[in-house]
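This report concerns only the one structure given below.
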Amino acid sequence: MKYRQLADTGVFVSELCLGAMTFGGRGQQWQMIGGLGQSEVDGIVHRALDAGINFIDTADVYSNGESETMLGKA
């Protein structure tokens, strides 16, 4: 995995980012976009970490916060 320094913070992040918008499915809009369950999320996150990805995009609006909760559990 290749890493890049995040501005002048001294933090290095992977060039690839894991998007977590499909994690969960709470709320009408998110049921159509996402719907991944915890076991699926666990597998995706663990494979990403094993590959060296340390940069994950999530937001409290994804599945009304369920995405962040599932990511934390993984």
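The values are calculated or read from the model by the stated rules, or taken from the named source; none is laboratory data. Only a predicted model underlies this, so the values are computations on that prediction, with no experimental measurement involved. Ideal geometry is used to build each Cβ from the backbone, glycine not excepted, and the neighbour counts take in all protein chains shown. When the accessible area is computed, the model is the full protein with side chains, heavy atoms only, and any ligands, DNA or RNA have been set aside. Shrake-Rupley method; radii C 1.70, N 1.55, O 1.52, S 1.80 Å.
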Residues with amide H under 5 Å of Leu36's amide H, sequence separation 5 or more or different chain, H placed in the peptide plane at 1.01 Å from N; which? Gly24
Distance (nanometres) between label positions extended 7 Å along Cα→Cβ at Leu49 and Lys73: 1.5
Return one whole number: the accessible area per residue of the chain in Å², for a 1.4 Å probe. 64
With a 10 Å cut-off between alpha carbons and a GNM built on the chain, which of Val11, Val41, Val61 moves the most? Val11
Taking the Cα atoms only, what angle lies between the long axis of helix 38-50 and the longest principal axis of the chain, rounded to 10 degrees? 10
Using helices alone, I'd like the mean residue ellipticity at 222 nm for the chain: each DSSP H run of four-plus residues gives -39500 (n - 2.57), total over residue count, nearest 500. -10500 deg cm²/dmol
Restricting the chain to trypsin sites (Lys or Arg not before Pro) in coil, as DSSP defines it, with at most 15 other Cβ within 10 Å: Lys2
Would you tally the net charge around Tyr62, using a Cβ to Cβ cut-off of less than 14 Å, leaving Tyr62 out, and scoring K and R as +1, D and E as -1? -3
For the range 11-74, build the convex hull from the C-alpha positions and give me its volume per residue in Å³. 77
Once neighbouring chains are kept in place and the probe is 1.4 Å, which whole percent of the accessible area of the chain is contributed by carbon and sulfur? 53
Which net charge results when you count Lys and Arg as +1 and Asp and Glu as -1 among the other residues whose beta-carbon is under 11 Å from that of Leu18? 0
Those GluC sites (Glu not before Pro) from the chain that are DSSP loop and have at most 16 other Cβ neighbours within 10 Å turn out to be Glu15
Distance between modelled label sites at Leu6 and Met32, nm, 7 Å Cα→Cβ extension: 3.3
State, as an integer percentage, the relative contact order of the chain based on alpha-carbon contacts under 8 Å between residues 6 or more apart. 36
